[in-house]
Amino acid sequence: MGKLWLICIASISILLPFLCNAFSPESPTDRRVLVLLDDFAIKSSHSLYFNALKSRGFDLEFKLADDPKIALQRYGQYLYDALILFCPSVERFGGSIDVAAIVNFVDSGHDLIVAADVNASDLIREVGTECGVDFDEDPSAMVIDHIGYAVSGTEGDHTLIASDDFIKSDVILGGKRIEAPILFRGIGHSVSPANSLVLKVLSASPSAYSANPKSKLSTPPSLTGSAISLVSIVQARNNARLLITGSLSMFSNRFFRSGVQKAGSQTKHEKSGNEQFLTEISKWIFHERGHLKAVNVKHHRVGETDEPALYRINDELEYSVEIYEWSGTSWEPYVANDVQVQFYMMSPYVLKTLSSDKKVVYIPHHLRFPMFMVFSNSRSSTKSLGILVYPFQSRFLSGHIDTMNMKDSYLLLTPIMELHFL
């Protein structure tokens, strides 16, 4: 509850981005996935990963990446809700698919998994760049670690990495601890620190570097240490989720079943952590976890119950919202102490935490929105409520209120809904 200072004629738009067209409101996991392959042999060599997705209700359709008949949409409607690119060497997609089509697919709120490899084509590297990561420019480079490598029967070139530098997030990786290191062999990528939408979920160790394992270093490597990301994720502002990695092998049955011992450790694990890691992260990518919806948004003057046809500046406003989280089978009340409401005009200015009734309703203690200009790049579907706000002076500015989910410090500040003043 608090004072809302508004100086324009406004309309309020309630945004529910978690109820986008890519999901069924009743079952967010009941979706079709297109899997593009370099070779149909990958379907069997990576069958454990695919079968895990099928067992959770996903309908997978396998196509060769250069199939001339493939398409993501028909008659303006998307045929799939998610896309998996297990085709690191493809030089050109078939049919109507190209990089622009994949970008538009994501921009429409759909999910994407990209697995590159040591033979990654320029096309796949370009897809990675569009997703916010940069693979090593050296086409012969691989991640090498002479300290954090996986012990094997032969000494090798230390390109088989055993990494346990995970992101600390139960929302992304599940509540059960991943005990065994992850096996990784492939190319590394970098993430711009200025890009808040991309998160590293598996990083290389400080002793790692990216270079050609078959030749001596003549110049310092461009990617070194924990700056090398092995697996990254993206949550776009439209709530599309992406996974990018430089190792197709890490999804393979061989790596899923392989034992692992990290160099310098006396512990030998009978099974790597790959299956658990990639299964849990896929639940986040496909919105089986961390998937929220906001309903029953209410706002009115203090002491009243009906939403008014208009507000005036200096009016005190009460605001509440109900938030639910998808449990995998049903919508459950989302109870947290870090949901926030934020006022924008030209840049973020007021940010207040909402209190909860411990069931589902979130209400701000006090809200005060001064006349300050702000900007937002949020995108989502809208439901408009026409509300007039009369100013004392005829000067026009614009702004909006965001309710934010801060469930986890490693999750983005994801807009749950916004009240737009246009």
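The values are calculated or read from the model by the stated rules, or taken from the named source; none is laboratory data. Treat the numbers as computed from the prediction; the structure is a model and nothing was measured. Neighbour counts run over all protein chains shown; Cβ positions are idealised from the backbone, glycine included. Just so you know, the surface numbers come from the protein's heavy atoms only, side chains and all, with ligands and any DNA or RNA stripped out. Shrake-Rupley method; radii C 1.70, N 1.55, O 1.52, S 1.80 Å.
Side notes on the structure shown:
- Any pair with Cβ under 7 angstrom, 6 or more apart, that starts in region 112-124 at a residue that is assigned by the TED database to the domain that holds Ser282 and open to solvent by 10 Å² or more (accessible area, probe 1.4 Å) and ends at one that is at pLDDT 95 or above and acidic (Asp, Glu): Leu123/Glu91
- Matching residues, region 211-243, being assigned to a loop (DSSP other than H, G, I, E, B) and either of a type in the set (A, V, I, L, M, F, W, C) or modelled with pLDDT of 95 or more (or both): Leu217, Leu223, Ile228, Ala236, Ala240
- Of all residues in region 252-272, those that are open to solvent by 40 Å² or more (accessible area, probe 1.4 Å) have Cβ atoms under 6 Å from Cβ atoms of residues that are part of a strand (DSSP E or B), 6 or more apart or on another chain, in Lys262/Ala162; His269/Val260.
- Flag for Asp81 being buried (at least 21 other Cβ atoms within 10 Å of the Cβ), among the charged types (D, E, K, R), in contact with a Leu (Cβ under 8 Å, 6 or more places away or on another chain) and at pLDDT below 95: no
- Answer residue from region 328-346, given it is modelled with pLDDT of 75 or more and among the aromatic types (Phe, Trp, Tyr) and is least open to solvent (accessible area, probe 1.4 Å) among those: Tyr334
- Residue list for region 182-210, restricted to those being open to solvent by 10 Å² or more (accessible area, probe 1.4 Å), in a loop (DSSP other than H, G, I, E, B) and out of contact with any helix residue (DSSP H, G or I) (no Cβ under 7 Å at 6 or more places or on another chain): Ser192, Pro193, Ala194, Asn195, Ser196, Leu197, Ser207
- The set of residues in region 37-58 being outside any helix (DSSP H, G or I) and either under 23 Å from Val99 (Cβ atoms) or modelled with pLDDT of 95 or more (or both) consists of Leu37, Asp38, Asp39, Phe40, His46.
- Selection from region 257-314 of residues that are at pLDDT 90 or above and either part of a strand (DSSP E or B) or among the hydrophobic types (A, V, I, L, M, F, W, C) (or both): Val260, Lys262, Ala263, His269, Phe277, Leu278, Ile281, Trp284, Ile285, Phe286
- Check on Ile70, in contact (Cβ under 8 Å) with a residue 12 or more places away in the chain, within 23 Å of Asn195 (Cα to Cα), open to solvent by less than 60 Å² (accessible area, probe 1.4 Å) and not in a strand (DSSP E or B): no
- Among the residues of region 148-165, not a single one is within 25 Å of Ala101 (Cα to Cα), surrounded by fewer than 16 Cβ atoms within 10 Å (Cβ to Cβ) and not charged (D, E, K, R).
- Hits in region 226-251 (condition: farther than 15 Å from Ile113 by Cβ and open to solvent by 10 Å² or more (accessible area, probe 1.4 Å)): Ser226, Ala227, Arg237, Asn238
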